[in-house]
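What follows is a set of notes on a single structure, which appears directly below.
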Amino acid sequence: MSKRVFHLLPVFLVIFLAVFCSGCPGRIVSSEESFSYTPGQTNVLTPAADGKITAGGDPLLLDFSHTDQGYFMGILKADKKVNIQVTGPDNITYHYFLETPDVYTAFPLTAGSGTYIVMAFENISGNQYISILSHTLSVELENEFLPFLYPNQFVNFNADSQAVALAGELSADAETDLDAFTAVFEYIVDNISYDYEKLKTVKSGYLPDVDDTLLSKTGICFDYASLTVAMLRSLSIPARLDIGYTGNVYHAWVTVYIESIGWVEHAIEFNGDEWKLIDPTFVSSSEDKDAIMDYIGNGENYTLMFVR
């Protein structure tokens, strides 16, 4: 059968695409394990490629050994550029790119249990791609929270990350997951400043480095959200990196799972009487706190497109 040629149009600047490295086997959890928050204790889950179930080969090898954990792995076997497209039971197609050979990358299965179609395309020239792989997955998650606890291509952290160490320090005296979330949230809001110059120059293919964000104490919305999610996940607090629009601006924000409440849209603040939706980027960069609270407190101002 002949190979089909596709022209892939440039994606939005802020659909940040890059490679998350994870080359060594990690701890695999089961549905019987608890994901309850423990004060000051970090627990980093590491994606693994065991070679039990694979597809492809050259130039791309995909490893589906741990889809029940909410991810699959991919590695380039040649100096090529490959576009991976993942369509899950929510019928949303996610685009990922690989360009660095011999490095495993984790891809999340954020639509939960169900059927996924994974397709891969090799770049042959400019924006021309040829189809090289198509694979159908039947996914049954051991735990619905797993895709939001593991690191992945968009939320890059490991046990040695400074972000993980800081999350442990900030939560040392936090008795509940809400206390821990509040400590992480307030640290980021108080210490990270919005980088308007970076916004002007950031290129497609950009992926935040959570430790670089901590070091520079600056970032764009994707940096804020990625850092927040990485720190929360390292504390066994499920968190989503959400990407979409606020008004007509492409944006990233955070949704967190609180045991006593459930999923709380966007990042949140509890004033003792009611929940407030708090987007960490806007809160930290806004001088008019009341106006920004009214805006981000209205879920209609957000249009969700992708979950990482």
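The values are calculated or read from the model by the stated rules, or taken from the named source; none is laboratory data. Quantities reported herein were computed from a predicted structural model and do not represent experimental measurements. All Cβ positions, glycine included, derive from the backbone under ideal geometry; neighbour counts span all protein chains shown.
Structural remarks
- Residue within the stretch 40-53 that is modelled with pLDDT under 90 and closer than 30 Å to PHE181 by Cα present: yes
- For the stretch 169-212, a residue qualifies if it is outside any loop (DSSP other than H, G, I, E, B), of a type in the set (Gly, Ala, Ser) and either within 19 Å of the chain's Cα centre (by Cα) or buried (at least 17 other Cβ atoms within 10 Å of the Cβ) (or both), and the qualifying residues are ALA180, ALA183.
- Enumeration of residues in the stretch 147-168 that are over 15 Å from SER236 (Cβ atoms), in a loop (DSSP other than H, G, I, E, B) and not acidic (Asp, Glu): ASN152, GLN153, PHE154, ASN156, ASN158, SER161
- Count - residues of the stretch 57-83 that are of a type in the set (Gly, Ala, Ser) and at pLDDT below 95: 2
- You will find that of ARG233, ARG240, the residue that is more than 12 Å from ASN156 (Cα to Cα) and among the charged types (D, E, K, R) is ARG240 and no other.
- Hits in the stretch 55-70 - residues which are in contact with a strand residue (DSSP E or B) (Cβ under 6 Å, 6 or more places away or on another chain) and acidic (Asp, Glu): ASP63
- Test: VAL86 is surrounded by 13 or more Cβ atoms within 10 Å (Cβ to Cβ), out of contact with any Asp or Glu (no Cβ under 9 Å at 6 or more places or on another chain), modelled with pLDDT of 50 or more and not hydroxyl-bearing (Ser, Thr, Tyr): yes
- Verdict on SER236 being assigned to a loop (DSSP other than H, G, I, E, B), at pLDDT 70 or above, at positive phi and not assigned by TED's automatic domain parsing to the domain that holds SER36: yes
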